[in-house]
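What follows draws every value from the coordinates through simple rules; no lab data is involved. Just so it is clear, the model here is predicted, and its values are computed rather than measured. Every residue, glycine among them, receives a Cβ derived from its backbone with ideal geometry; neighbour counts consider all protein chains shown.
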Amino acid sequence: MRYDLDGEAPFKSFGTDAIHAGQEPEKWDSRSVVPLIGLSTTFKQESPGVLRHDKYEYSRGGNPTRECLEECVAKIENGKHALAYASGLAATMSMVEALLENGDHAVTGDDLYGGTNRYFNKVASKHGVEFTMVDVRNPDNVVAAIKPNTKMVWFELMSNPLLRIGDVKTIAEKVHAVNKDIVVCVDNTFLSSYNARPLDLGADVVMHSATKYMNGHSDVVMGLLAMKSDELKKKLMFAQFAIGAVPSAFDCYLVNRGLKTLHVRMQRHGENGLACAKFLESHDRVAGVSYPGLPSHPQHEVFKTIARSCSGMVVFYIKGGLQEAKTFLASLKVFTLAESLGGFESLAEHPAIMTHASVPEDQRKVLGISDTFIRLSVGLEDEADLLADLDQALKAALPTV
Ligand SMILES: *Cc1c(COP(=O)(O)O)cnc(C)c1O
């Protein structure tokens, strides 16, 4: 289901760009149509310090295969630059290292990927950076938390795991009205570049765990940042080189390849996600469903103004208790019980025990990450098989309603 966004044909030429941007055969002497995997760690210099084409010295600082991917990501985000990292968390750490110093402050969403929450509050905080977590569903909460030393605002456009929406447009506008130098970074992992473009909505940086939808095949761990500003790129590129949390050329090749089908995959993820959400919403063994693509989602209206459609992420509360949730997950046959998301295959998981175990229990309680809370990453299988699988597992967990 597509929503009407403002402006002329949003995301014009997305598929063409995902397939061609940064992939020019003229880059290679061989005129290779598929980007080559450049495994060389070092590059011959013309004379000491003089590089051919003014780039490629040592592979941590720049690599031809990584560059193909970074150019493509910059284009499909409608940014100017993109940088690739060894993982989503490596990208997150590099942002913090590049932008924040001892004594600085950042405002973050209160519903974040468990590992991001753990990194901010248990690792970066040890180095004297202070974090304030707020419910970003109300943009005024973000503004109220800003202090004179606030340097960064960080939230997930569609949050993990509750699928709450951070209205990028309003938040960026309000934050920049207070202080235009605060860097607004949006983690858009749950929607991918295909469904929303935070940079066009006013964000300064968009982040992805490319491990998820961007690669889409559950065989690479990687992080991505994209931005429009030359100055931010310079700072981030310095940190990328100085810290060294870079991906391998082979992994860059795989993610680059994954992007070529991103638009086609996301269309099907969206269709299957919506079908599963509707099915669960009408099911007598289900206590509640959350899916921003459904009118029943409290932020459906604002979601439609910032995203062009929804993804395959669906969350729900099963009736009963922990045992019913466990029996449901163990009874699934098409969905695989596993962490992660965004791959071609459907996955199901229990956030309180699995992906979000690192979120302190009292925080989980406030957020609603309870024993009966289940997260689905709906894949690309046939819709009828997915619905039948959910139905049989719900009935196995709750034989009588
Ligand atoms: C997985 C995930 C991350 C972390 O990315 P890794 O590639 O696992 O390091 C960050 N944000 C969100 C929303 C995620 O789902």
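Observations
- Net charge over other residues, Cβ less than 12 angstrom from the Cβ of Gln240 (K, R count +1; D, E count -1): +3
- Compared with the dominant principal axis of the Cα atoms in the chain, helix 383-397 is inclined by about 50°.
- Rounded to the nearest 10 degrees, the inclination of helix 168-178 to the longest alpha-carbon principal axis of the chain is 60 degrees.
- Ranked list, fewest to most other Cβ atoms within 10 Å of each Cβ, for Arg197, Arg52, Arg364: Arg52, Arg364, Arg197
- Around the Cα centre of the chain, unit charges on the Cβ atoms of Lys, Arg, Asp and Glu (plus for the first two, minus for the last two) sum to a dipole of about 320 debye.
- Contact order relative to length of region 263-397, as percent, for alpha carbon pairs under 8 angstrom and 6 or more apart: 30 percent
- Positive-pole candidate from Gln392, Met152, Thr108, dipole of the chain, charges at beta carbon: Met152
- Normalising by residue count, the chain has a Cα convex hull of 137 Å³ per residue.
- Amide proton proximity set for Val359, modelled H, under 5 Å, gap of 5+: none
- Region 162-301 shape via C-alpha gyration tensor axes, a/c threshold 1.5: oblate
- Length gained on full extension, Ala287 to Ala275, computed as 0.36 nm times the residue gap minus the Cα-Cα distance: 2.6 nm.
- As a calculated quantity, the FRET efficiency between Asp54 and Leu337 at R0 = 35 Å, using C-beta atoms, amounts to about 0.10.
- A cut-off under 13 angstrom between Cβ atoms defines the neighbours of Leu51, and their net charge, with Lys, Arg +1 and Asp, Glu -1, is 0.
- When the chymotrypsin sites (Phe, Trp or Tyr not before Pro) in region 46-144 are filtered for DSSP coil states and for at most 16 other beta-carbon atoms within 10 Å of their beta-carbon, no site remains.
- Helical content of the chain, expressed as a calculated mean residue ellipticity at 222 nm, amounts to -10500 deg cm²/dmol (DSSP H runs of 4 or more residues, -39,500 (n - 2.57) each, divided by residue number, nearest 500).
- Relative to the longest principal axis of the Cα atoms of the chain, the long axis of helix 249-259 makes an angle of roughly 50 degrees.
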